[in-house]
Each structure stands twice: as C-alpha cells, then as structure tokens.
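Here the structure is laid out as structure tokens; the discussion comes afterwards.
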Amino acid sequence: MSFVKLTASALAIAAVSATAAAARDQVQVAGSSTVLPYASIVAEAFGENFDFPTPVVESGGSSAGLKRFCEGVGENTIDVANASRKIKDKEIAACAEAGVTDIIEVRIGYDGIVFASQLNGPAFTAFEPADIFNALGAKVLKDGEIVDNTYAQWADFNADLPAADIMAFIPGTKHGTREVFEEKVLVAGCEATGAYDAMVASGMSEDDAEDACMSVRTDGKSVDIDGDYTETLASIDANPNGIGVFGLAFYENNTDKLKTATMSGVEATTATIASGDYPVSRPLFFYVKKAHIGVIPGLKEYAEFFISDDMAGPDGPLAEYGLVSDPELASTQAAIEAEDTMQ
C-alpha cells in the first residue's frame, strides 16, 4: 500500500498553544472495532505524511468509545469516537451534561455485515433473516404459538440448511454492529416468520414485541463477543460449526480462513452495498470534539485527511480494504472544513 507524501501546507494547520502541546500532542481515538482498521490505516499514513505524531487509535466498541467521548472536554478525554452507528440522543444528552456541546459528525462511508464460517466447515451458502432469527431468537413461533427456542440444528427449521449444530458468535451489546444485526436481521426475521404479529396478537405492545424479537437465546447456542473481530475469528477456528458476524472488510482480509453466505440471495460486496442491494449494510462514522480543535495538535488535519479523496475516495486505500466510498464525500469534506456541528 502506498501513499502520496503530503506536506503540512496541504492542509491549513491550526495554531496550538505551547501549554496544550506540551500536555498532549497526539490525537486520541477510541470506539468501533469495525472502524478500527480504517482509522489505523489513516493514523499510520497521517503520521508518515504530516508533522504531527501518529494518532493513538483504540477499539472497544461504538458504545464504549462514545461513552469515553462524552466524559468531558480536556486533555484527559479522547478527541474522536469511531462508531458503526449514529450517535444516540441519550449519548448526545450525556455529552452535553459533561460539557461536550459541539460535536462534528463525520460519515466516512459504508460497510456490510456478513455471516461467515470456517472455510472447510458445513455448507452455509444462503441465509434469510428468518433463518438467523429461528436459530438465535430467545422465543420463536412454532405451530402458531410463541415458545422458548429449542432448535438444535439449522436443518430443524430449514431443510436447505446443513444438519449442523447451531453455534453463533455475535457482537456484544456495546458494539454498533450488534444494533444493526438486531434491527436488520433479528427483527426482520421475526417479522418474516410471523412471530412479531403473534406476539402483538397475544397482547404485547409493539415496542415490547420488537424488544422480544431482538432477545437472543441464552442456552449456549448464541455467544456474545465483547472483543473485536479477531476474537470472533478465534471462536470460529475452535468451533467447526460456528457462524460469526463480521464486517465486510474484516471478512475480505480473512478469505483464507472464512467463507460467507448470501443474505436474501445477495452476496455482500462493495458493489452490492454501494447499490443498496445487500440488505445488511450501514454507514460508518466518527465524531470529533470541536472544543479540541486548535488545542490538540493535528486534530482537524487528521479528520480532513481521513475523509480526503486520497484516503476515503473510491480509489483510495480504505476502499481497497473494503470501505464503500460515500457518494456524498465532497459534502462531508466541506462540513469538516467549516467545522459544522450537529444541530
């Protein structure tokens, strides 16, 4: 991977006080494990091409990163939170209570969520959301009744799937990927099987029924992974029948170990995600603390570099790694330059 050497004059450099520079001169980033590889590539290239130290990039999940981001303003708090989902209203409120009132939202592009298994494992070639719900939902619809999920093998509810024991490794609740998985797969599958309507017909409110659709079984068939995708990969390595939930970029960089199934008949590729044909895709973001711009050296320059054409454009290194370039990237670039904050 090669990068064009940039000079400091390529971007306007904000004035930094000597005191702040002495206190902390590295941009600090934390959050989504999905965004982590992209941010790491950008941070490395930034350190090589600018007269600023290489930013420190940590993982931990979208929710954990945003929690740290909202702890307050100052050199002891992070500057940027990576997220594989939009920041929530309650997180914005928590930020405001801690004095973080000016937040810049940056959409970097799009990614897809894939369902991958061991390369030489069972033939998981095609899924529908209903299959994932029937395999993992805490309660499912059987013979017109909502009952505890006792399915043991995939073939128990779909003869086209392997007679292999159900074992799935899904993102833990602090990961942004989990929320997309719940909304676009579990809830969609719950509705497709008729379970949602049956729950409402039994007297549950629509909100309670949706919550029930997102509840996963706790009998060992579904395992939450609180770490990053490398932990999910290790779990699949140790479980021949295991299915894991990954971001497309991670899967594409591990095709020597993993194979992926289609979802609703569509293969996850940059082309199908860009076209909107792949049903389980989502935008990726990072959030910048505006109060730190001009105080933490290189913060704005890092943000601008991240979403530059050279990095996040369709021919940039992030696209090579699996990021689907945002068609509205130019608008994002203008918003960063103007330091536009969320309203």
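Counting other Cβ atoms within 10 Å, keep those with at most 11, restrict to DSSP loop, and tell me which trypsin sites (Lys or Arg not before Pro) in region 51-117 are left.
none
Do any of LYS86/LYS142; LYS139/LYS174; LYS88/LYS290; LYS90/LYS184; LYS90/LYS259; LYS142/LYS184 go past 28 Å between their Cα atoms, and which?
LYS86/LYS142; LYS90/LYS259
Hey, can you find the accessible area per residue of the chain for me, probe 1.4 Å, expressed in square angstrom?
42 Å²
Just to verify a number: what accessible area does LEU141 come out at with the full protein assembly present, 1.4 Å probe, Å² rounded to tens?
Its accessible surface works out to 50 Å², give or take rounding.
To the nearest 10 Å², what's MET204's accessible area with a 1.4 Å probe?
60 Å²
Computing the accessible area with a 1.4 Å probe over protein heavy atoms, can you report the carbon and sulfur percentage for the chain?
Of all accessible area on the chain, carbon and sulfur atoms account for 48 percent.
Summing -39500 (n - 2.57) over the DSSP H runs of n ≥ 4 in the chain and dividing by its residue number, what mean residue ellipticity at 222 nm do you reach, to the nearest 500 deg cm²/dmol?
-9000 deg cm²/dmol
For labels at ASP208 and LYS257 in the simple 7 Å Cα→Cβ model, what's the distance in nm?
4.3 nm
Just to confirm the number: angle between the C-alpha axis of helix 36-49 and the first principal axis of the chain, 0 to 90 degrees, nearest 10?
It works out to around 20 degrees.
Heavy atoms only, probe 1.4 angstrom, no DNA, RNA or ligands counted: give me GLU145, GLU301, GLU252, GLU91 ranked by accessible area, highest first.
GLU145, GLU252, GLU91, GLU301
At what distance in angstrom do the alpha carbon centres of region 256-286 and region 97-133 lie from each other?
Answer, in whole Å: 9.
Of all GluC sites (Glu not before Pro) in region 152-192, which ones are in loop regions per DSSP and have a Cβ with at most 15 other Cβ atoms within 10 Å?
Those that pass, being in a loop and sparsely packed, number zero.
Specify whether the C-alpha gyration tensor of region 143-228 places it in the rounded, prolate or oblate class, a ≥ b ≥ c being the square roots of the eigenvalues: rounded for a/c under 1.5, otherwise prolate if a/b is larger than b/c and oblate if not.
Oblate.
The values are calculated or read from the model by the stated rules, or taken from the named source; none is laboratory data. Note that the coordinates shown come from a computational prediction; the quantities given were computed from them, not determined experimentally. When we count neighbours, we look across all protein chains shown, and the Cβ atoms used for this are built from the backbone with ideal geometry, even at glycine. Please note that ligands, DNA and RNA were not included when accessible areas were found on the heavy atoms of the full protein model with its side chains. Shrake-Rupley method; radii C 1.70, N 1.55, O 1.52, S 1.80 Å.
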